[in-house]
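Novice: My questions all concern the structure below.
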Amino acid sequence: MPSYYEQQAPPPGFQDTAVIRSVWRCLLLNVVSFGFWGFAWIYHTTKEVSSKVNNPAPSPAFRTVMYAIPIANIVVWFLCWKDIEEYCKRARSQDFPMVLFFLLTILLSLPGLVTLPIVQSRMNEAHMAATNGAARPARMQTIDWVFVIVGAAFWIGMILLFVLAVILAASSSTA
């Protein structure tokens, strides 16, 4: 019996750059990098998804830089999620309520613990549908390592500052 992915012919141009990112790996990379890996995620999403649904395709580097600018980062995030929603539709995959998810995540933050993994899993499903199940697991790229190292350095710096503050507080109370 043919699988779901074998029953549908993929739309033209959907076969390249389709990679699967583990939801757990994305969450772990965000935690380890103190959230800096989100910049790499924006870059990957723009390169792999936005280029398939926009003409002309947006620049992954431009969107990544814009993600660092307050207010513009919300717009970039919205555009990436909008592109993922459109990609899901074009790949004939399961969709998600993009505007509702976005508003819940921006306004309340806590639902982001659920919405972000759902968006990533729906993008993975769209990649599988678009490639008839031939999408491959994503490998760590240089941009991933850069943001993980920057975030890890930030974590280490915060820990060192905390230890220094504790030492200074302890030494000033004994003096």
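The values are calculated or read from the model by the stated rules, or taken from the named source; none is laboratory data. Note that the coordinates shown come from a computational prediction; the quantities given were computed from them, not determined experimentally. For neighbour counting, all protein chains shown are included, and Cβ atoms are generated from backbone atoms with ideal geometry for every residue, glycine included. What goes into the accessible areas is simple: the full protein's heavy atoms, side chains included, and nothing from ligands, DNA or RNA. Shrake-Rupley method; radii C 1.70, N 1.55, O 1.52, S 1.80 Å.
Novice: Amide H to amide H, which residues 5 or more places from Ile20 or on other chains are under 5 Å from it, using H placed in the peptide plane?
Specialist: Sorted by chain and number, the residues that satisfy this are Arg136, Ala138.
Novice: Once both labels are modelled 7 Å past Cα along the beta-carbon direction, what's the Leu108-Val150 spacing in nm?
Specialist: 3.1
Novice: Still on this structure, please answer the following. Roll a 1.4 angstrom probe over the protein heavy atoms and tell me the percent of accessible area of the chain that is carbon or sulfur.
Specialist: So the carbon and sulfur contribution to the accessible surface is 72 percent.
Novice: Let me ask something else about it. Length gain on complete extension for the stretch Thr174 to Trp24, per 0.36 nm per residue less the alpha carbon to alpha carbon distance?
Specialist: Numbers: separation 150, 0.36 × 150 = 54.00 nm, distance 4.58 nm.
The Thr174-Trp24 span can extend by a further 49.4 nm.
Novice: How far, in degrees from 0 to 90, does helix 98-108 lean away from the longest principal axis of the Cα atoms of the chain, to the nearest 10?
Specialist: So the inclination is approximately 10 degrees.
Novice: Once the Cα atoms of helix 142-174 and of the chain are each reduced to a long axis, what angle between those two axes, in degrees from 0 to 90 to the nearest 10, is obtained?
Specialist: 20
Novice: With +1 on each Lys and Arg Cβ and -1 on each Asp and Glu Cβ, how big is the dipole of the chain about its Cα centre, in debye rounded to the nearest 20?
Specialist: 100
Novice: Please compute the contact order of the chain in relative form: average sequence separation of alpha-carbon pairs under 8 Å and at least six residues apart, divided by the residue count, as a percent.
Specialist: 36
Novice: In Å², what does the accessible area per residue of the range 26-132 work out to with a 1.4 Å probe?
Specialist: 47
Novice: Which angle from 0 to 90°, rounded to the nearest 10, does the C-alpha axis of helix 112-130 make with the longest principal axis of the chain?
Specialist: 30
Novice: Rounded to a whole number, what is D in µm²/s for the chain from Stokes-Einstein with the Kirkwood radius over alpha-carbon pairs (25 °C, 0.890 mPa s)? All intermediate terms of the calculation are to be shown ahead of the outcome.
Specialist: Working: Rh = 17.7 Å.
So the translational diffusion coefficient is about 138 µm²/s.
Novice: Further, regarding this structure: Quick one: net charge of Thr115's neighbours, Cβ under 15 Å, K/R +1, D/E -1? Write down the numbers at each step before the final one.
Specialist: Values: positive: Lys82, Arg122; negative: Glu85, Asp95.
Value of the local net charge: 0.
Novice: If we count every other residue with Cβ under 15 angstrom of Leu28's Cβ, Lys/Arg +1 and Asp/Glu -1, where does the sum land?
Specialist: Overall, the nearby charge balance is +1.
Novice: Stokes-Einstein at 20 °C, 1.002 mPa s, Kirkwood radius from Cα pairs: D for the range 60-109 in µm² s⁻¹?
Specialist: Working: Rh = 11.7 Å.
Diffusion coefficient, whole number: 183 µm²/s.
Novice: Please report the net charge: other residues with Cβ closer than 14 Å to the Cβ of Gln141, K and R +1, D and E -1.
Specialist: So the environment of Gln141 carries a net charge of +3.
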